[in-house]
1. Looking at segment 287-309, which of the residues that are among the small types (G, A, S) and part of a helix (DSSP H, G or I) is farthest from the chain's Cα centre (by Cα)?
2. Criterion first (assigned to a loop (DSSP other than H, G, I, E, B) and farther than 20 Å from A296 by Cα) does Y87 satisfy it?
3. May I ask you to say which residue of T277, T242, T249, T300 is among the β-branched types (V, I, T), under 17 Å from S142 (Cβ atoms) and modelled with pLDDT of 95 or more?
4. Please list, ordered by first then second residue, the pairs with beta carbon atoms under 7 Å, 6 or more apart or interchain, first in segment 90-108 and free of Cβ contacts under 8 Å to residues at least 24 places away in the same chain, second among the hydrophobic types (A, V, I, L, M, F, W, C).
5. Give me the residue from segment 262-274 that is surrounded by 14 or more Cβ atoms within 10 Å (Cβ to Cβ) and out of contact with any helix residue (DSSP H, G or I) (no Cβ under 7 Å at 6 or more places or on another chain) and, out of that set, modelled with the lowest pLDDT.
6. Just to check your reading of the model, which residue among S117, S126 is surrounded by 19 or more Cβ atoms within 10 Å (Cβ to Cβ) and either farther than 16 Å from L39 by Cβ or not basic (K, R) (or both)?
7. Please enumerate the residues belonging to segment 138-158 that are charged (D, E, K, R) and either without any contact (Cβ under 8 Å) to a residue 60 or more places away in the chain or crowded, with 23+ Cβ neighbours inside 10 Å (or both).
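The values are calculated or read from the model by the stated rules, or taken from the named source; none is laboratory data. If you're wondering where the values come from, they're calculated on a predicted model, not measured in any experiment. Glycine gets a Cβ as well: all are built from the backbone with ideal geometry, and neighbour counts include every protein chain shown.
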Amino acid sequence: MIRTFARAAATVTAVLVVSAASQFAASAQPVEVQLPANLVQPQVAGANDWNCKPSAEHPRPVVLVHGTGMNSTAWTVLAPELQDLGYCVFAINYGAVPRLLDPNTVVWGAGDITQSSKELATFVQSVRDATGAPQVDLVGHSQGGMLARQYMKFDGGSDPEDPARNVVHSLISLGATNHGTSFGGLQAMTVDLEAFGLPGRLVTPFWFGPAGAQQLIGSPILASLNSGSEVEPGVEYTAIATHADEVSTPPEGAFLNDNGTALVQNRWVQDVCPAATTTHDGLIRDPAPLYMVKVALDPTYGESNPAPC
């Protein structure tokens with residue numbers, strides 16, 4: 001269906017893409033963006049209580065990292081649920097890029113990933129300063145999962161020389177673009193457009209910003225991120241995916257190879273609830289994947305709470 005759409009909409013897409021070319025042609029490189037002066041940070045209930053102090057039961061703050069085109073309000077379900085369980089919960093807004101046709105508003109999670117990684121580093125440090133906690137747990141959806149890994153590998157989230165000094169204790173990812181994505185066929189559509197002599201390689205950054213192009217299968221940033229080891233010493237990983245994911249495709253690309261270190265649990269939502277029809281966006285709101293997040297944060301949760309199938 002996507003290929004048929006590509007042929008039918010080729011002329012319209014070409015006009016839009018060419019108009020965006022000057023802004024996104026260098027999307028693989030850091031891009032300076034001018035944000036609106038009155039930029040408002042979205043807020044979500046249950047998160048960012050900067051007076052919160054971690055308890056002995058839950059000693060590490062939980063930092064929620066949204067995906068492409070989203071913001072902290074993606075965590076409308078999970079944030080208050082974790083707060084009710086006694087966690088100190090924080091939710092970042094990162095990667096703001098002005099809308100192409102309306103520069104007074106922004107799209108979050110669309111900016112250059114190397115810059116967003118530094119934003120995450122600053123945010124996590126603020127959480128540690130406010131709470132006094134030496135370590136945090138990260139929960140990342142889609143781009144948020146691979147962005148967390150970028151932060152750990154390149155911007156101070158882990159210390160391979162001395163894992164006891166890691167800032168991140170554990171990473172729980174939901175449909176993460178760890179090995180890139182075809183965006184449910186969008187990458188194939190670009191090939192069709194190129195066959196028509198149109199600038200198909202600019203379609204993804206036009207719709208999803210620089211971060212979109214950087215998450216395509218085979219991108220240089222993903223090659224760098226996955227070179228050597230895919231995991232950092234001392235960090236515990238839970239990679240959650242769903243067979244019905246239509247955005248982070250193929251879905252198994254969300255899983256990580258721990259090279260036999262036993263640092264990673266790769267889990268399908270359907271391992272817990274076989275009949276689950278959870279989609280990509282459902283990973284941050286459906287009971288089954290959110291149950292899996294809670295168990296990954298605290299294994300004792302599963303001892304007293306059955307899976308919500």
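1. S304
2. no
3. T242 is the lone residue from the list that is among the β-branched types (V, I, T), under 17 Å from S142 (Cβ atoms) and modelled with pLDDT of 95 or more.
4. Short answer, once both residue conditions are applied: R99/V106; R99/V107.
5. The residue in question is L263.
6. S117
7. Correct list: R149, D155.
Yes/no matrix, rows are residues, columns are (1) closer than 25 Å to G234 by Cβ; (2) in contact with a strand residue (DSSP E or B) (Cβ under 6 Å, 6 or more places away or on another chain); (3) not acidic (D, E):
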| site | (1), (2), (3) |
| --- | --- |
| E246 | no, no, no |
| N257 | yes, no, yes |
| N266 | yes, yes, yes |
| V269 | no, no, yes |
| A288 | no, no, yes |
| M292 | yes, yes, yes |
| D298 | yes, no, no |
